[in-house]
Amino acid sequence: DVKVTQSSRYLVKRTGEKVFLECVQDMDHENMFWYRQDPGLGLRLIYFSYDVKMKEKGDIPEGYSVSREKKERFSLILESASTNQTSMYLCASRTGWNEKLFFGSGTQLSVL
Amino acid sequence: SQQGEEDPQALSIQEGENATMNCSYKTSINNLQWYRQNSGRGLVHLILIRSNEREKHSGRLRVTLDTSKKSSSLLITASRAADTASYFCIYSGAGSYQLTFGKGTKLSVIP
């Protein structure tokens, strides 16, 4: 089975800190995604990568950047964390554009 | 990317009953997928149905797709307490890599 691993289950950071969220998949998937999930707002796409070193902005990229130097790893970076970035962050991957998504277990980030 | 609509938003049933959730969308689609999310966890894939398919089964799950009505339904038969979760539909528009999420149906199965 495909495994999508997010480095932390829970994370607490202070306002202004630089935060790295890591996601690794083990099935050579082309596409990788970062979403955030908030009550009442559902899942919103932050960034999408369709191949190594390739990225596209999603619906809410402000305050975030991403890195995909290797195919299996997709990192989400909060350049200067703010309290409104407190959320559940979900990473997902898929083999191709018309295939199912595999999600990680999520990282609950709290910014104090 | 939040254009899918699911109903009901919440559903509470007794163990052993069937649960039906619906998803409507607005564009032509490549496929539609259903996922389950237990509280505070990631989403788990249940079924993918392609635009040229009308019905798919997996164990106690049955998914239908009506492209003329732009809608899909997920039926869980003989529900169990362990089915308590939120259920989401996700679909991709024809010719697009973008995914659209519904806001989910929160299912509670009472033992």
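Computed from the coordinates by the stated procedures, all read-outs in this text should not be read as laboratory data. In this text the structure is predicted, and so the values were computed from the model without any measurement. A quick note on method: Cβ atoms are made from the backbone with ideal geometry, for glycine too, and the neighbour counts reach across all protein chains shown.
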Task: Net charge over other residues, Cβ less than 12 angstrom from the Cβ of A:Ser65 (K, R count +1; D, E count -1) - done: +2
TODO: With N set to the residue count of chain B, report its C-alpha Rg divided by 2.2 N^0.38 Å to two decimal places.
DONE: 1.01
- [ ] Within a 10 angstrom radius of each residue's Cβ in B:41-48, how many Cβ atoms of other chains show up on average? Whole number is fine.
- [x] 6
- [ ] Tell me the trypsin sites (Lys or Arg not before Pro) within segment A:37-82 that lie in a loop according to DSSP and have at most 11 other beta-carbon atoms within 10 Å.
- [x] A:Lys53
TODO: Could you pull out the pairs from A:Lys18/B:Lys106; A:Lys53/B:Lys103; A:Lys55/B:Lys70; B:Lys26/B:Lys106; A:Lys3/A:Lys55 whose alpha carbons sit more than 28 Å apart here?
DONE: A:Lys18/B:Lys106; A:Lys53/B:Lys103; A:Lys55/B:Lys70
Open item on the list: Only Cα pairs within less than 10 Å get springs; with that Gaussian network setup on chain A, which residue of A:Phe33, A:Phe102, A:Phe74 has the largest fluctuation?
Closed with: A:Phe102
Task: Distance between modelled label sites at B:Asn22 and B:Ser39, nm, 7 Å Cα→Cβ extension - done: 2.9 nm
- [ ] Pop out the ³J(HN,Hα) list for segment A:46-52 in order, Karplus 6.51 cos²θ - 1.76 cosθ + 1.60 with θ = phi - 60°, rounded to Hz; leave Gly and Pro as x.
- [x] 8, 8, 9, 10, 9, 5, 4
Open item on the list: Using only the Cα atoms of chain A, what semi-axes does the equivalent ellipsoid have when each is the square root of 5 times a gyration tensor eigenvalue? Give whole Å, largest first.
Closed with: 22, 14, 13
- [ ] Mind jotting down the distance between the C-alpha centroids of segment A:66-90 and segment B:34-111, whole Å?
- [x] 27 Å
Open item on the list: To make sure I understand the rule: partners must be aspartates and glutamates, Cα under 13 Å from the Cα of A:Lys70, and not fewer than 8 residues away in the same chain. Which ones qualify?
Closed with: A:Glu22, A:Asp26, A:Asp28, A:Glu30, A:Asp51
